[in-house]
1. List, in order, the whole-Hz ³J(HN,Hα) value for each residue of the range 56-62 obtained from phi through the Karplus relation with A = 6.51, B = -1.76, C = 1.60 and θ = phi - 60°; use x for Gly and Pro.
2. Mind checking the dipole of the chain: about its Cα centre, +1 per Lys or Arg Cβ, -1 per Asp or Glu Cβ, Debye to the nearest 20?
3. Using only the alpha-carbon atoms of the chain, report the extent along each of the three principal axes, biggest first, to the nearest angstrom.
4. Rounding to the nearest 10 and keeping the result within 0 to 90°, find how far the Cα-based axis of helix 23-33 lies from the longest principal axis of the chain.
5. Return the FRET efficiency for the residue pair Arg13, Leu33: r is the Cβ-Cβ distance, R0 is 25 Å, and the value is rounded to the nearest 0.05.
6. Taking neighbour Cβ counts within 10 Å as the exposure measure, how do Thr11, Thr69 sort from fewest upward?
7. Which of Phe66, Phe41 comes first, and how do the rest follow, when ranked by fewest Cβ neighbours within 10 Å?
Amino acid sequence: MPKPKTLTCQTCRSREPHEPLTADEKKWLEGQLGNRVGDDFYKCVNDLPGGKVCRNLRRESVERHFRLTKRLPDKME
Ligand SMILES: [Zn+2]
């Protein structure tokens, strides 16, 4: 399994802790993209003011994988 890593975040504009996606999050992203999602997607877990978590998505090898930034919903169904 992929491990948490410190990666740059396009939204935070800094190096932040990132975690691999859970099975549910991966499924959500596959629904969004319409194709299979590999193990190299990470979410930024930087705490933002107001008690939110960034949750911006990126690939380990590609900071700007999405033309526009994409973040996970705060609550997964
Ligand atoms: Zn971030």
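1. 5, 9, 7, 9, 4, 8, 9
2. 260 debye
3. So the three principal-axis extents are 31, 27, 27 Å.
4. The angle comes out at about 80 degrees.
5. Here the calculated transfer efficiency is 0.55.
6. With the sparsest Cβ surroundings first, the list reads Thr69, Thr11.
7. If I rank by nearby Cβ atoms, fewest first, I get Phe66, Phe41.
A short reminder: the numbers here are calculations on the coordinates, not readings from a lab. As the structure is a computational prediction, the values presented were derived from the model and not from experiment. In this analysis, Cβ positions are derived from the backbone assuming ideal geometry, glycine residues included, and neighbour counts consider all displayed protein chains.
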